[in-house]
Amino acid sequence: MRAAALYSAAGSLLLTTLAAAPATGASGAVESTGTALAAAHARARGIDFGTCPDAQDLPGTMECGTVSVPLDYAHADGKQIKLTVSRARATHKDPHNSKRRVPRQGSLVYNPGGPGASGLYFPLIGMLPEWKRIASAYDLVGYAPRGVDKSAPLSCVDPKRFFKGPSQSPTYPSESYKKERVAQAKAYARGCAKRSGSKLRYYTSLNNARDLDVLRAALGEDKLTFMGASYGTYFGALYATLFPSHVRRMVFDSAVNPDPEQIWYRNNLDQSAAFESRWADFREWVAKHDDVYGLGDTAEKVLLSYRKAEARLAEKPAGGKVGPAQLQGAFLSAGYYDDYWPHRAAALSSYLKGDPKPLILQAASTPEAAAEAENGNAVYTAVECNDAPWPTEWSVWDRDNTRLARVAPFETWDNVWMNLPCAYWPEPRQQPLDVRTGPGELPPVLILAAERDAATPYDGALELQRRLSDSVLVTERDAGTHGIAGGSNKCVNGYLDDYLLEGRLPERRAACAPHQEPKPSPARSGSK
């Protein structure tokens, strides 16, 4: 899943039954004991915060350190890995009253999703106006989860070979193309095993939840205050199930459907269907502004303009870098965040009028980002493949997604290629934990969701609320941005501030009107 709107992301949550052997003791007593031991050691050691590795690019208010966690919680005294942690201390400054000193409430730990995204830059968000009240009361804490960035990084292929653009992305792939992609998926799965070795099986959502408890202890917190976005809501929900007495407050922003039957294959199918609706929302917006973009005054005409560009790029990639796959990737991001809409529409308009520069700037892969992107993709694949059973027969994937592509062609097959290595995964698969808490087991938590979110469809928020007793859901109606905490909707931010700063929640469900639609901007060469 990709990270929420205000945070950097290394990969998308392209979520994706089938008997498989559960991992031994996946949520059992041995791992629980190992987590308690690791947390006790971490609390005793703490975190020695100091200068961040990339200090030349960061404000001096942010500091970094590391915390050690077991690779395998069943052997907590065995091999350890280090997670990189970042922090900006509470400012104590009331943005509305300069004379008032705000008392510190502890650490707010954040995860932006993925799997494969890093939260190391999260503490910098306290400089934004929407976050200043929260930053006054909390130490803002981010970290790179296991496998990500400098935290025992995973790799499945040589980063220099990860980007292969320009490349094709057929909406209705031929049988020969499917065979090519199956072979690539098998090779990728073998590469993950070869490059990562025996440690590969320990990169799971359950271990991410256990790592979070060790981090809590290392920060000196008796109870955790946590905000997870996208995939971060899933292992946050696992944490709430495993360690309910360790929770102070939790915010789940754009919730993954945690039903074990959905993890991860069926969630992927639901996501592809939801992206089709969001793709239509975007095209309707472009059509409404045909006087600016000239791409068509109906959603159907805008689609024809997009197909025209796709066909042209298949014959001659733009700048030798952007083919149909890169075009699709750029417009997929518009399904996540509507603030991309003006830029994507302008780039498409410019390209069809003979200026490819904006499209190249927005859609071309860059070698500089190859290592980060490859690492994020490796972690995404390892975590989701390890987490749950997957269909192991190509015929199942082909049947299900051929049916779906008839009504939802925009994202369906690209979602398949992203997740297909899980069909040929060399490690044992776990059975997903049944996320669930009873009345009084867990403090009330806050769930935030946009009604038309495609990356994590709205049904996931409803299911999460059903499973976490006493939880409260705030919905942004008729909107589809992925990740709404601290964004442009003042109503949503009001509920967030009330909860994190004062512990106040509305009744079981509340709603906010949608944020304002983006304003169109004309095409300009080189626009981002």
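The values are calculated or read from the model by the stated rules, or taken from the named source; none is laboratory data. No experiment lies behind these values; they were computed from the predicted model shown. Glycine also receives a Cβ, built like all others from the backbone with ideal geometry; neighbour counts cover every protein chain displayed.
Only one residue in LYS132, LYS194, LYS199 is modelled with pLDDT of 95 or more, surrounded by fewer than 15 Cβ atoms within 10 Å (Cβ to Cβ) and charged (D, E, K, R). Which one?
Testing whether each residue is modelled with pLDDT of 95 or more, surrounded by fewer than 15 Cβ atoms within 10 Å (Cβ to Cβ) and charged (D, E, K, R) leaves just LYS194.
Looking at the range 387-398, which of its residues are of a type outside the set (Phe, Trp, Tyr) and surrounded by fewer than 24 Cβ atoms within 10 Å (Cβ to Cβ)? Even if it seems obvious, please write down each step before you answer.
Step one: list which residues in the range 387-398 are of a type outside the set (Phe, Trp, Tyr), which gives 387-389, 391-393, 395-396, 398.
Hits for the range 387-398 are PRO389, PRO391, THR392, GLU393, SER395, VAL396, ASP398.
Which residue pairs have Cβ atoms under 7 Å apart, sit 6 or more places apart or on different chains, and have a first residue in the range 112-127 that is part of a loop (DSSP other than H, G, I, E, B) and a second that is of a type in the set (Lys, Arg) and buried (at least 24 other Cβ atoms within 10 Å of the Cβ)?
Going by the 7 Å Cβ cut-off, the qualifying pairs are GLY113/ARG2.
For the range 146-182: of the residues being at pLDDT 95 or above and assigned to a helix (DSSP H, G or I), which is surrounded by the most Cβ atoms within 10 Å (Cβ to Cβ)?
Residue satisfying both the conditions and the ranking: LYS178.
How many of the residues making up the range 94-111 are in a strand (DSSP E or B) and either surrounded by 15 or more Cβ atoms within 10 Å (Cβ to Cβ) or touching a Gly at 6+ places or on another chain (Cβ under 7 Å) (or both)? Show your work before the answer.
Applying the first criterion (in a strand (DSSP E or B)) to the range 94-111 yields 101, 106-111.
Then keep just the ones that are either surrounded by 15 or more Cβ atoms within 10 Å (Cβ to Cβ) or touching a Gly at 6+ places or on another chain (Cβ under 7 Å) (or both); that gives 106-111.
Final tally of qualifying residues: 6.
Among the listed residues ALA346, ALA371, which satisfies the condition of being more than 21 Å from PRO518 (Cβ to Cβ), in a helix (DSSP H, G or I) and of a type in the set (A, V, I, L, M)?
Going through ALA346, ALA371 in turn, just one is more than 21 Å from PRO518 (Cβ to Cβ), in a helix (DSSP H, G or I) and of a type in the set (A, V, I, L, M): ALA371.
Between PRO457, PRO428, which is part of a loop (DSSP other than H, G, I, E, B) and either crowded, with 17+ Cβ neighbours inside 10 Å or out of contact with any helix residue (DSSP H, G or I) (no Cβ under 9 Å at 6 or more places or on another chain) (or both)?
PRO457
Specify the residue that is farthest from LEU37 (Cα to Cα); the eligible residues are those in the range 183-213 that are touching a Lys or Arg at 6+ places or on another chain (Cβ under 9 Å) and part of a helix (DSSP H, G or I).
Among those residues, the one meeting the criterion is LYS199.
Please work out which residue is nearest to the chain's Cα centre (by Cα), limiting yourself to the range 226-260 and to residues that are surrounded by 22 or more Cβ atoms within 10 Å (Cβ to Cβ) and assigned to a strand (DSSP E or B).
So the first thing to find is which residues in the range 226-260 are surrounded by 22 or more Cβ atoms within 10 Å (Cβ to Cβ), and the list is 226-240, 250-258.
Still in the running and assigned to a strand (DSSP E or B): 226-229, 250-253.
Working: PHE226: 16, MET227: 13, GLY228: 9, ALA229: 7, MET250: 17, VAL251: 15, PHE252: 12, ASP253: 10 Å.
Here the answer is ALA229.
Looking at this structure, is VAL492 touching a Cys at 6+ places or on another chain (Cβ under 8 Å), assigned to a helix (DSSP H, G or I) and not small (Gly, Ala, Ser)? Quick ask: steps written out before the conclusion?
Numbers: touching a Cys at 6+ places or on another chain (Cβ under 8 Å): yes; assigned to a helix (DSSP H, G or I): yes; not small (Gly, Ala, Ser): yes.
Yes.
Out of PRO367, PRO391, report the one residue that is modelled with pLDDT under 95 and over 22 Å from the mean Cα position of the chain (by Cα). Please lay out each step first, then the result.
Details: PRO391 fails: modelled with pLDDT under 95.
When all the criteria are applied, what remains is PRO367.
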